[in-house]
């Protein structure tokens with residue numbers, strides 16, 4: 001009969017847990033999943049195989065190279081997620097772009113969350129419990145939200161209900177993962193606040209974003225000062241000559257919408273008074289953010 005697993009044995013560390021995981025899952029699966037959900041293992045890249053059913057087949061080579069160069073300096077901040085197949089074999093669940101960039105960067109090991117078979121419901125409960133119990137920084141919260149969506153197949157609405165937060169709050173956290181690794185690392189260390197990070201997310205030009213970030217650090221700028229800086233940079237941008245000139249009142253409305261939504265907005269008006277409002281968004285998360293702002297406004 002297998003020896004009963006006790007909490008002190010589970011707490012010996014992730015390596016010890018993985019080496020005895022089969023017997024421990026037989027004895028206390030919920031406790032093992034709880035431990036794995038909040039622990040990061042350093043795994044050798046050559047032990048990780050790509051999921052053959054991964055729907056995404058094409059990746060932007062330029063973006064991959066940019067990420068790999070950053071990883072050479074800062075390492076991988078957001079762990080990938082793998083499923084354990086056996087003692088020396090793992091299969092990727094999520095994070096193929098990060099894994100590919102890590103290989104390009106020449107990394108030998110990557111941080112990973114390890115899943116075990118048939119742990120879906122237990123994992124969801126463990127992740128939600130971790131958010132509620134632990135003092136996590138903004139990046140750790142964002143990663144956990146992303147894991148719940150990726151691994152537990154939750155929608156924004158379902159996720160917000162599970163964690164008891166507004167959908168806009170969940171979306172704002174997850175947008176932090178779009179920031180460059182150095183800014184994420186700074187937020188994780190508490191060098192900048194979430195307010196600083198949210199302001200920087202609105203800067204589309206990566207070079208300008210990093211320049212402003214360095215200025216925040218060196219000059220210890222407040223969130224309001226960062227927002228003012230970004231506004232001044234935007235005001236200095238050369239604007240393409242519009243095909244049709246809006247009346248001043250309508251131009252003011254367009255500018256107000258852009259500032260409120262943090263997105264490109266174009267207001268079109270015909271001479272008969274009819275028109276359109278066009279709002280650009282980057283991805284589904286950005287669309288959900290805009291919807292939340294519109295609903296709350």
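Data table
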{"quantity": "Unique match (being at pLDDT 85 or above and farther than 27 Å from residue 137 by Cβ) among 185, 209, 266, 254", "calculated": "266"}
{"quantity": "Residue check, residue 175 modelled with pLDDT of 90 or more, crowded, with 17+ Cβ neighbours inside 10 Å and not in a loop (DSSP other than H, G, I, E, B)", "calculated": "yes"}
{"quantity": "Number of the exception - residue 65 against (1) under 21 Å from the mean Cα position of the chain (by Cα); (2) closer than 29 Å to residue 169 by Cα; (3) modelled with pLDDT under 90", "calculated": "(2)"}
{"quantity": "Checklist (1) touching a helix residue (DSSP H, G or I) at 6+ places or on another chain (Cβ under 8 Å); (2) without any contact (Cβ under 8 Å) to a residue 40 or more places away in the chain; (3) under 24 Å from residue 287 (Cβ atoms) applied to residue 174, failing item", "calculated": "(2)"}
{"quantity": "Those residues of the stretch 139-172 which are surrounded by fewer than 15 Cβ atoms within 10 Å (Cβ to Cβ) and not in a helix (DSSP H, G or I), in sequence order", "calculated": "153, 155, 164, 166"}
{"quantity": "Restricting the stretch 188-206 to residues that are assigned to a helix (DSSP H, G or I) and touching a helix residue (DSSP H, G or I) at 6+ places or on another chain (Cβ under 6 Å), the residue that is nearest to residue 137 (Cα to Cα)", "calculated": "188"}
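The values are calculated or read from the model by the stated rules, or taken from the named source; none is laboratory data. The structure presented is a predicted model; accordingly, all values stated were derived computationally and were not measured. When we count neighbours, we look across all protein chains shown, and the Cβ atoms used for this are built from the backbone with ideal geometry, even at glycine.
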